[in-house]
Amino acid sequence: MNIRIIENFEEALQVIIKCRKADSEVMKLKSHIELFENKLTAKLDDRTFLINSADVFYFESVDDRTFLYTKENVYEIKYRLYELEEILSDKDFIRISKSQIANINCIKSLAPELNRSVSAILENGEVLNISRRYAKTLKTLLNI
């Protein structure tokens, strides 16, 4: 792998990936790079914030409202979960239950449960339950 950083470049940030074949690893790298420029509008205490999607631990839908969780705060966001799935489809976010979407990059560890579901411990210590319906997809994505 050869990585070059050119500073004082006149144009906007560019990342060029040169490879023999755009396999799944290359596409995953592309997704990670794209994740850093994707911002979401969210509200907290009557103020509007632009949240970098890489800073989002997970989204949760409760009583027809959708919340965005970061390391320090909980924001309300206008999108429904199915809309977020479309926006973040290749950005390392995965549906883990009927009411939650998680950032797989924030998952610290996984533990199987007796009912074939999985518990995910996030980097901030929070525990999310991944339902049986979505556990297989997550395991496939993580190659486990």
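The values are calculated or read from the model by the stated rules, or taken from the named source; none is laboratory data. Since the structure is predicted, the reported quantities are computational estimates derived from the model, not experimental observations. Neighbour counts are summed over all protein chains in view; Cβ atoms, including those assigned to glycine, are modelled from backbone coordinates with ideal geometry.
Has the stretch 4-15 got any residue that is at pLDDT below 85, over 25 Å from Glu123 (Cα atoms) and basic (Lys, Arg)? Checked against the condition, which is being at pLDDT below 85, over 25 Å from Glu123 (Cα atoms) and basic (Lys, Arg), the stretch 4-15 yields at least one hit.
Please verify whether Val56 is under 16 Å from the mean Cα position of the chain (by Cα), of a type outside the set (D, E, K, R) and farther than 30 Å from Gln14 by Cα, treating the condition exactly as stated. So Val56 does not fit the description; no.
To keep it simple, each residue is scored yes or no on (1) of a type in the set (S, T, N, Q); (2) in contact (Cβ under 8 Å) with a residue 40 or more places away in the chain.
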residue: Phe57; (1), (2): no, yes
residue: Val74; (1), (2): no, no
residue: Tyr79; (1), (2): no, no
residue: Ser99; (1), (2): yes, no
residue: Asn103; (1), (2): yes, yes
residue: Ser109; (1), (2): yes, no
residue: Glu113; (1), (2): no, no
residue: Val127; (1), (2): no, no
residue: Ile130; (1), (2): no, no
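Residues that are within 22 Å of Leu138 (Cα to Cα), polar (S, T, N, Q) and out of contact with any Phe, Trp or Tyr (no Cβ under 8 Å at 6 or more places or on another chain): does the stretch 73-88 have at least one? Within the stretch 73-88 (the criterion being within 22 Å of Leu138 (Cα to Cα), polar (S, T, N, Q) and out of contact with any Phe, Trp or Tyr (no Cβ under 8 Å at 6 or more places or on another chain)), the answer is no, since none of the residues qualifies. Considering the stretch 39-144, the qualifying strands (runs of 3 or more DSSP E), each wholly inside and each with 3 or more residues that are surrounded by fewer than 12 Cβ atoms within 10 Å (Cβ to Cβ), run over 47-52, 107-112.
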